[in-house]
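Chemist: So that we are looking at the same thing, I have put the structure below in structure tokens.
The values are calculated or read from the model by the stated rules, or taken from the named source; none is laboratory data. As the structure is a prediction and not an experimental result, all values here were calculated from the model. Glycine gets a Cβ as well: all are built from the backbone with ideal geometry, and neighbour counts include every protein chain shown. Quick note on the areas: whole protein, heavy atoms, side chains included, nothing else; ligands and nucleic acids left out. Shrake-Rupley method; radii C 1.70, N 1.55, O 1.52, S 1.80 Å.
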Amino acid sequence: MDYKGNYTVIGPPGTGKTTFLASRVERVAASHPNRLLAGGPPALVCSLTKAAAAQAAGKNMTIPKEAVATMHAHGWRAMDCPPLANVIVEEFNKDNPGLAITASNAKVDDDIAGPQGDGSEPGDEYASEYHSLRHACVPKEKWGPEVSAWARKWEAWKQEAGVVDFTDMIDLAPSTAPMDPAVVFVDEAQDMSKLEFNKLREWGESAGAMVTVGDPYQALYVWRGAQPQQLLEDEDDPTRF
């Protein structure tokens with residue numbers, strides 16, 4: 001089976017969207033046996049949350065295990081696994097006590113669904129807004145002065161320390177699809193932010209095809225920056241099931 005271009009699958013809860021996705025992944029895999037023999041995935045499956053990735057992986061697809069993961073994990077690996085800012089954030093806090101943020105033990109494939117920090121540190125509010133603005137793709141010149149001041153310190157520290165934060169795993173990930181798949185599949189797409197959708201479109205374009213699965217009326221993370229209406233946007237005459 002050869003997919004070309006963009007396809008969108010929309011369905012309410014209980015209609016078997018993930019099962020449908022898995023069946024299409026299997027068809028693509030059957031159509032590209034040489035990719036599997038060479039150790040490369042014919043399909044890449046992306047989700048926002050670890051739970052959604054686990055549900056997709058639980059369908060026992062024949063593609064390599066690492067080809068089914070959260071977007072953050074895919075992006076991080078495509079960047080050659082740089083060190084994470086949250087692991088050494090106490091160094092930033094020590095140098096910038098008035099802008100300190102709550103330390104996090106989040107791992108690469110953990111769910112990144114909530115605001116940064118719990119509000120107990122003076123920089124938590126700025127950090128949360130900083131990531132929200134980036135996910136909404138708001139130009140820096142439109143950021144508020146306090147968030148901009150915090151961001152300058154944070155980004156300078158990240159560069160000096162050689163680390164990345166969780167938004168960087170999307171924003172700075174290569175524009176080519178990780179692992180060079182023939183098709184990019186996106187599960188639970190209604191919870192993706194504008195930044196994440198933009199990166200997925202780049203990955204789909206580089207692969208040659210993208211199948212997006214979701215329900216715009218079932219979005220759970222609008223408060224985080226999800227833009228479910230993107231599932232309903234017409235682009236390049238997509239095919240809709």
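Chemist: Looking at the stretch 190-210, which of its residues are in contact with a helix residue (DSSP H, G or I) (Cβ under 6 Å, 6 or more places away or on another chain) and of a type outside the set (D, E, K, R)?
Modeler: Filtering the stretch 190-210 for residues in contact with a helix residue (DSSP H, G or I) (Cβ under 6 Å, 6 or more places away or on another chain) gives 190, 193, 195-197, 199, 210.
Matches in the stretch 190-210: Q190, S193, L195, F197, M210.
Chemist: Could you list, in sequence order, all residues of the stretch 1-47 that are open to solvent by 30 Å² or more (accessible area, probe 1.4 Å), under 19 Å from the mean Cα position of the chain (by Cα) and closer than 15 Å to N60 by Cβ?
Modeler: Across the stretch 1-47, there are no qualifying residues.
Chemist: Taking T62 as meeting all but one of (1) hydroxyl-bearing (S, T, Y); (2) under 23 Å from L231 (Cβ atoms); (3) open to solvent by 50 Å² or more (accessible area, probe 1.4 Å), write down the number of the exception.
Modeler: Checking T62 against (1) hydroxyl-bearing (S, T, Y); (2) under 23 Å from L231 (Cβ atoms); (3) open to solvent by 50 Å² or more (accessible area, probe 1.4 Å), the one that fails is (2).
Chemist: Something else now. Give the stretch 169-184 a look and list any residue that's closer than 19 Å to D110 by Cβ, of a type outside the set (A, V, I, L, M, F, W, C) and surrounded by fewer than 21 Cβ atoms within 10 Å (Cβ to Cβ), or say none.
Modeler: Within the stretch 169-184, just D171 meets the criteria.
Chemist: Answer with yes or no whether Q218 is open to solvent by 20 Å² or more (accessible area, probe 1.4 Å), outside any strand (DSSP E or B), modelled with pLDDT of 85 or more and in contact with a helix residue (DSSP H, G or I) (Cβ under 8 Å, 6 or more places away or on another chain).
Modeler: It is true that Q218 is open to solvent by 20 Å² or more (accessible area, probe 1.4 Å), outside any strand (DSSP E or B), modelled with pLDDT of 85 or more and in contact with a helix residue (DSSP H, G or I) (Cβ under 8 Å, 6 or more places away or on another chain).
Chemist: Looking at the stretch 165-189, I want the residues that are part of a strand (DSSP E or B) and have a partner that is surrounded by fewer than 24 Cβ atoms within 10 Å (Cβ to Cβ) and hydroxyl-bearing (S, T, Y) with Cβ atoms under 6 Å, at least 6 apart or on another chain. Which pairs are those?
Modeler: Going by the 6 Å Cβ cut-off, the qualifying pairs are V183/Y3.
Chemist: Is the stretch 185-195 home to any residue that is out of contact with any strand residue (DSSP E or B) (no Cβ under 8 Å at 6 or more places or on another chain) and open to solvent by 10 Å² or more (accessible area, probe 1.4 Å)?
Modeler: Scanning the stretch 185-195 turns up at least one residue that is out of contact with any strand residue (DSSP E or B) (no Cβ under 8 Å at 6 or more places or on another chain) and open to solvent by 10 Å² or more (accessible area, probe 1.4 Å).
Chemist: If you take the residues in the stretch 50-78 that are polar (S, T, N, Q) and either out of contact with any Asp or Glu (no Cβ under 8 Å at 6 or more places or on another chain) or in a helix (DSSP H, G or I) (or both), which one is nearest to G16 (Cα to Cα)? Talk me through it step by step, then tell me what you get.
Modeler: Residues of the stretch 50-78 polar (S, T, N, Q): 55, 60, 62, 70.
Filter again for either out of contact with any Asp or Glu (no Cβ under 8 Å at 6 or more places or on another chain) or in a helix (DSSP H, G or I) (or both), leaving 55, 60.
On the way: Q55: 12, N60: 15 Å.
Across the stretch 50-78, the extreme among qualifying residues is Q55.
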